[in-house]
Amino acid sequence: MVHSTFSQHLRSRLGICLATAALCLSASGSMAAMTAWAENEGGRMRIVALPPTADGTVRGALQIEPKSGWITYWKEPGQAGIPPKITLTSADGASITEIGFPIPKQFTVGDVRDIGYDHPVALPFTLKLAAPDKPTTLRASAFIGLCRNICIPFQADFRLELSAAGPLPYQENLILDEAIRHLPEKPSKDFAVTAYTLSDDRQNLSLSLKLPDETAVPQIFVAGPEGHVLLDQTNEKRSGDRYVVEMPVGKLPKNYDPHGKRWDILVVSGGRAMETSLAFE
């Protein structure tokens with residue numbers, strides 16, 4: 001079981017954190033938007049966005065490039081680290097509707113297990129504009145962690161000018177298509193969660209999976225309430241493409257009630273990855 005909170009994220013990397021520097025950057029494109037890179041000691045990041053569609057949908061991505069030897073984090077970073085956040089600070093009624101996370105790796109250093117990326121990664125997002133027919137100034141703040149021997153909380157403020165006019169931009173499309181290509185697949189007939197149960201004492205999550213590889217031991221990441229991630233597997237049983245396992249939940253946040261909540265689950269098996277959510281009624 002791995003349990004982390006935001007405060008633990010900031011303390012667990014040798015107790016050393018550097019001060020956050022906010023950067024304000026203007027978009028370099030007039031139709032689609034691609035900001036300049038914001039940089040710090042551990043790497044750099046920027047935002048790319050396409051022009052809005054007729055219904056006000058904007059596809060974008062937060063690009064993160066850690067320097068060699070550094071890592072950045074998945075939606076739940078594990079025992080240490082900082083989960084990435086994208087916040088719209090001013091966008092004329094715009095709202096982020098979805099953020100995607102490519103398939104992460106698990107890193108183990110001593111007794112510490114992290115979940116994230118040690119290579120360039122793009123987090124695709126979708127947002128909706130209230131008035132897509134009008135030029136929109138999008139102001140967004142991105143907050144990530146970049147860690148090696150020290151953990152650096154890295155914040156940058158971006159400004160993008162979005163307009164529905166003009167041709168569809170080539171470079172931005174390539175970046176976003178590549179980001180989407182690295183996302184986990186949705187459940188399918190040969191790869192899915194077929195059953196799940198949270199024990200009455202909320203100490204164990206029982207899972208039944210259908211896997212595309214009948215031999216490999218799957219990696220399973222379950223993101224519960226914020227700051228809480230399940231990684232350990234016990235009582236594994238396999239029968240062909242069926243895999244049954246229990247995952248210790250550990251100590252949930254005080255007074256946490258899972259009813260009506262959803263936990264995300266990512267399963268990696270046989271060179272494929274599937275992501276879905278577990279709804280607790």
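Quick notes
- Qualifying residue in the stretch 61-80 (condition: hydroxyl-bearing (Ser, Thr, Tyr), out of contact with any Cys (no Cβ under 7 Å at 6 or more places or on another chain), assigned by TED's automatic domain parsing to the domain that holds LEU138 and under 22 Å from ASP133 (Cα atoms)): no
- Where MET45 falls short, out of the listed (1) modelled with pLDDT under 50; (2) surrounded by 15 or more Cβ atoms within 10 Å (Cβ to Cβ); (3) of a type in the set (A, V, I, L, M, F, W, C): (1)
- Candidate set: the stretch 18-42, residues that are modelled with pLDDT of 85 or more and out of contact with any helix residue (DSSP H, G or I) (no Cβ under 7 Å at 6 or more places or on another chain); chosen: the one nearest to LEU160 (Cα to Cα): THR35
- For the stretch 199-237, the set of residues classified as modelled with pLDDT of 95 or more and among the basic types (Lys, Arg) consists of LYS210, LYS237, listed by residue number.
- The criterion of being surrounded by 16 or more Cβ atoms within 10 Å (Cβ to Cβ), in contact (Cβ under 8 Å) with a residue 12 or more places away in the chain and outside any strand (DSSP E or B) does not hold for LEU138.
- From the options LEU176, LEU211, LEU198, residue that is more than 16 Å from the chain's Cα centre (by Cα) and more than 23 Å from GLY271 (Cβ to Cβ): LEU198
- Filter result for LEU174 (in contact with a strand residue (DSSP E or B) (Cβ under 7 Å, 6 or more places away or on another chain) and either without any contact (Cβ under 8 Å) to a residue 12 or more places away in the chain or more than 16 Å from MET274 (Cα to Cα) (or both)): no
- Of the residues LEU183, LEU176, LEU160, the single one that is crowded, with 19+ Cβ neighbours inside 10 Å and not in a strand (DSSP E or B) is LEU176.
- Residues of the stretch 231-281 satisfying the condition of being over 16 Å from LYS210 (Cβ atoms) and basic (Lys, Arg): LYS251, LYS254, LYS261, ARG262
The values are calculated or read from the model by the stated rules, or taken from the named source; none is laboratory data. Keep in mind that what you see is a predicted model, and the values were worked out from it rather than measured. Neighbour counts are summed over all protein chains in view; Cβ atoms, including those assigned to glycine, are modelled from backbone coordinates with ideal geometry.
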